1. Could you compute the net charge surrounding residue 61? Neighbours are other residues with a C-beta less than 12 Å from the C-beta of residue 61; K and R count +1, D and E count -1.
2. Ordering 61, 169 by accessible area with a probe of 1.4 Å, largest first, what comes out?
3. What are the trypsin sites (Lys or Arg not before Pro) within segment 141-221 that DSSP puts in a loop, where the Cβ has at most 12 other Cβ atoms within 10 Å?
4. Where only protein heavy atoms count, and the probe is 1.4 Å, what is the accessible area per residue for segment 1-82 in Å²?
5. Along the Cα→Cβ direction, 7 angstrom out, place labels at residue 216 and residue 119. What is the inter-label distance in nm?
6. In whole Hz and in residue order, list the ³J(HN,Hα) couplings for segment 72-77 that follow from phi through the Karplus curve 6.51 cos²θ - 1.76 cosθ + 1.60, θ = phi - 60°; x for Gly and Pro.
7. Enumerate the amide H contacts of residue 182 below 5 Å, restricted to partners 5 or more residues apart or on another chain; note that Pro and chain-start residues carry no placed amide H.
8. Counting only C-alpha contacts under 8 Å and six or more residues apart, can you give the relative contact order of the chain as a whole percent?
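The values are calculated or read from the model by the stated rules, or taken from the named source; none is laboratory data. No experiment lies behind these values; they were computed from the predicted model shown. Neighbour counts are summed over all protein chains in view; Cβ atoms, including those assigned to glycine, are modelled from backbone coordinates with ideal geometry. Ligands, DNA and RNA are stripped out before the accessible areas are found, and what is left, the full protein with its side chains, is counted by its heavy atoms. Shrake-Rupley method; radii C 1.70, N 1.55, O 1.52, S 1.80 Å.
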Amino acid sequence: MLAGGVGGARFLLGVRAWARRAAPDALGSDAEITAIVNTGDDMWLTGLRITPDLDSIMYALAGVNDTERGWGRVGESDRVAAELRAWDAGWPWFTLGDLDLGAHIARTGWLREGVPLSAVVARLTARWPLGVRLLPATDDEAETHVMTASGTLHFQEWWTRHRAAIPALGFEQRGVSSAAPAPGVTAALAEADVVLVAPSNPVVSIGTILGIPGIRSALATTAAPVVGVSGIIGGAVVRGMADACLSAIGVETAADAVARWYGARNSGGVLDAWLMAEEDAALVPAVESAGIRSAAAPLWLRGDDTSADVVAAALALAGIR
Ligand code: FO1
């Protein structure tokens with residue numbers, strides 16, 4: 001699985017639910033699930049390394065996430081954040097909850113000791129039986145920055161302070177040319193029975209993972225079918241502001257346009273198949289004519305069970321029942 005944060009977390013809960021109910025003859029009830037997670041949203045804030053997408057997925061799989069906000073911990077408090085504001089430290093528009101800070105402090109301490117991010121993620125996730133292995137796309141810092149008419153800013157500021165309201169002229173992954181897939185990433189892609197592309201933000205989540213040197217070629221050469229799930233239903237993004245990102249790169253906010261942007265694997269892209277919502281069933285022929293197998297199914301991720309149904313529909317496109 002390639003996944004971003006909030007959309008990726010919901011979809012991963014569905015993949016886990018599917019694996020728990022799957023017939024043994026499919027991938028076996030002990031299906032191994034590896035999530036390769038976007039790290040382009042990551043940043044240093046008041047000396048702490050924040051990794052939003054990895055944390056959103058970890059907390060969701062552990063069942064300790066704040067389901068209203070979509071990020072951070074349930075039962076959170078912000079006494080430290082109030083103090084940081086009083087000291088005028090950090091970003092007043094970016095709340096670091098007290099429980100969440102526990103993870104940031106632990107992570108930053110280990111990183112400062114020289115522990116690579118992937119090993120830090122292994123230590124943090126060992127606290128709960130997630131049923132999913134989390135891998136950062138890279139252990140190197142390759143943060144997404146947004147170019148606007150009035151200058152370049154970190155993605156996280158554009159996203160949380162400005163709510164993506166400042167028109168983006170483009171995105172850059174700072175330091176991506178010297179970044180490498182984290183240990184285990186290319187092997188996971190090579191050895192997979194199937195690779196799922198979560199309905200995450202195609203540009204700044206999935207696109208950022210694909211931008212790490214070596215990941216596209218691992219996807220191109222794996223024997224596993226690569227199946228994507230649309231995060232756009234009926235011409236609108238399900239949540240988040242992916243439309244602001246798509247328009248920045250000149251891609252229409254439409255399920256078929258995103259499939260074409262990912263491209264067919266047999267013509268240099270990444271997808272073998274693309275699952276869209278019933279609302280977009282009329283677009284299936286257009287996607288198929290781009291060389292990408294396609295189908296339409298109910299796509300709303302309401303709970304684990306319906307999400308597992310979406311996963312089953314995606315796997316069926318890959319010939320896995
Ligand atoms: N999003 C917000 O809109 N406001 C916040 O104050 C905020 C804090 C925050 C803290 C930790 C964390 O892991 C995520 C946080 N997010 C916040 C969400 C974050 O912007 C998103 O999870 C992704 O980075 C965007 O895809």
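1. Details: positive: 10, 16, 127, 133; negative: 55, 304.
Taking every other residue near residue 61 into account, the sum is +2.
2. Values: 61 10, 169 115 Å².
Result of the area sort, largest leading: 169, 61.
3. 163
4. On the way: 3140 Å² over 82 residues.
Value for segment 1-82: 38 Å² per residue.
5. Result for the modelled spin labels: 3.2 nm.
6. x, 9, 6, x, 7, 9
7. Residues meeting the amide H criterion: 138, 139.
8. Details: 645 pairs, mean separation 61.3, N = 321.
Reported as a whole number, the value is 19 percent.
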